[in-house]
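J.: What follows is a structure written as structure tokens; I'll ask about it next.
The values are calculated or read from the model by the stated rules, or taken from the named source; none is laboratory data. Since we're looking at a predicted model, the values are computed, not measured. Reconstructed Cβ throughout: ideal geometry from the backbone, glycine too, with neighbour counts over all protein chains shown. In case anyone asks, the SASA skips ligands and DNA or RNA and just uses the protein heavy atoms, side chains included. Shrake-Rupley method; radii C 1.70, N 1.55, O 1.52, S 1.80 Å.
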Amino acid sequence: MKVENAVYPTAAGIRALADDASSTPVAMLNLLKFRKKALYKDGRADDISGLEAYQRYSAAMTKIVQREGGRILFAGKVAGLVIGEVGELWDVAAIMEYPSRAAFQRIATLPEVRALAVHREAGLEGQLLIMTESL
């Protein structure tokens, strides 16, 4: 199994979500890996960790998601691996629920979310985002 962390979804992936008319809620499992030190592309000299930079993003993002009908189901530090094997574990796992795929796409592309991206990019080394829905 190939595992590749990324910071953003592909354009095709985002379009597919927008085109999906399903009204089924989805839960997004975020597996997050942070930089040791935040790296801002705009050159700002904030001497903070990647986690601290990401927390700037996530605090504001959580409020936006809640305002738009979503919610956080869980967030926690990855403590270990019980089954399987990966080269390196992620730092945090979080699950956010959205009213639908299209709602996730709409929220993810809001101008205010794009404005927060500077902190997300500075803090994240990469992530996996796994979309789930009820059986």
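J.: Look at LYS63 and say whether it is open to solvent by 30 Å² or more (accessible area, probe 1.4 Å), modelled with pLDDT of 95 or more and in contact with a helix residue (DSSP H, G or I) (Cβ under 9 Å, 6 or more places away or on another chain).
T.: On the way: open to solvent by 30 Å² or more (accessible area, probe 1.4 Å): yes; modelled with pLDDT of 95 or more: yes; in contact with a helix residue (DSSP H, G or I) (Cβ under 9 Å, 6 or more places away or on another chain): no.
It is false that LYS63 is open to solvent by 30 Å² or more (accessible area, probe 1.4 Å), modelled with pLDDT of 95 or more and in contact with a helix residue (DSSP H, G or I) (Cβ under 9 Å, 6 or more places away or on another chain).
J.: Would you pick out the residues in segment 1-45 that are assigned to a loop (DSSP other than H, G, I, E, B), in contact (Cβ under 8 Å) with a residue 12 or more places away in the chain and surrounded by 12 or more Cβ atoms within 10 Å (Cβ to Cβ)?
T.: The answer is ASN5, VAL7, PRO9, ASP20, PRO25, ARG35, LYS37, ALA38, LEU39, TYR40.
J.: Looking at segment 95-104 only, could you name the residues that are closer than 14 Å to SER58 by Cα and surrounded by 18 or more Cβ atoms within 10 Å (Cβ to Cβ)?
T.: Residues of segment 95-104 that are closer than 14 Å to SER58 by Cα, as a first pass: 95-96.
Within segment 95-104, MET96 is the sole residue that qualifies.
J.: Assess whether ILE107 counts as being at negative phi, open to solvent by less than 40 Å² (accessible area, probe 1.4 Å) and at pLDDT below 95. Before you say what the answer is, go through the steps one by one.
T.: Numbers: at negative phi: yes; open to solvent by less than 40 Å² (accessible area, probe 1.4 Å): yes; at pLDDT below 95: yes.
So ILE107 passes the test.
So that you can scan it fast, the table gives a plain yes or no per residue for (1) within 12 Å of the chain's Cα centre (by Cα); (2) among the β-branched types (Val, Ile, Thr):
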site: LEU39; (1), (2): no, no
site: LEU51; (1), (2): no, no
site: ARG67; (1), (2): no, no
site: ARG71; (1), (2): no, no
site: LEU81; (1), (2): no, no
site: ILE95; (1), (2): yes, yes
site: ALA102; (1), (2): no, no
site: THR109; (1), (2): no, yes
site: ALA115; (1), (2): no, no
